[in-house]
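Working notes, structure below.
The values are calculated or read from the model by the stated rules, or taken from the named source; none is laboratory data. Computed from a predicted model, the values in this text were never measured in an experiment. All Cβ positions, glycine included, derive from the backbone under ideal geometry; neighbour counts span all protein chains shown. Side chains are part of the model used for accessible areas, which takes the heavy atoms of the whole protein and leaves out ligands, DNA and RNA. Shrake-Rupley method; radii C 1.70, N 1.55, O 1.52, S 1.80 Å.
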Amino acid sequence: MNKIKVGDDVMVITGKDKGKRGTVLKMDGDRIVVENVNMAKKHQKPNPQKGVPGGIVDKEMPLHRSNVGVYNPAAGRADRVGFKTLEDGRKVRVFKSDGEVVDVG
């Protein structure tokens, strides 16, 4: 079970985009892609068969997962995540600061 999952609301805790929030779009090993964070310019060739115009486009680049934290709305900041087993046997993610459950699933 991963501490960060696709669809989580995360906050960047270090680097040039420190303090920005976004949703995890994709995970690939230790790297994650967060929407509207770590943007880079990509020079794109036109592809008329796919209907893609050429030019300079903005693209989200991956971040290492250690540079982001799951956003805790109660605390208003990024928080560390741990695991807890409930009475009914489910294993859930919880915030370390207040013990609130991250996801109900």
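Heads up, I need the accessible area for Ser66: 1.4 angstrom probe, whole protein in place, Å², nearest 10.
70
Order Leu25, Leu86, Leu63 by their accessible area, 1.4 angstrom probe, all chains in place, largest first.
Greatest to least solvent exposure: Leu25, Leu86, Leu63.
Which value in nm describes the separation of the simple spin-label points at Ala40 and Lys84, placed 7 Å from the Cα toward the beta carbon?
The answer from the label model is 3.9 nm.
Give Lys3/Lys41; Lys3/Lys91; Lys16/Lys96; Lys5/Lys45; Lys18/Lys45; Lys18/Lys91 a once-over and call out the pairs whose C-alpha atoms are over 23 Å from each other.
Distance filter (> 23 Å) returns Lys3/Lys41; Lys16/Lys96; Lys5/Lys45; Lys18/Lys45; Lys18/Lys91.
The chain: Rg/Rh from Cα coordinates, Kirkwood Rh?
Result: Rg/Rh = 1.11.
Below 15 Å, Cα to Cα, which aspartates and glutamates can Lys84 reach? Residues fewer than 8 away in the same chain don't count.
Leaving aside aspartates and glutamates fewer than 8 places away in the same chain, those within reach of Lys84 are Asp98, Glu100, Asp103.
As a test question: what accessible area, to the nearest 10 Å², does Asp28 have when a 1.4 Å probe is rolled over all protein chains in place?
The value for Asp28 is about 110 Å².
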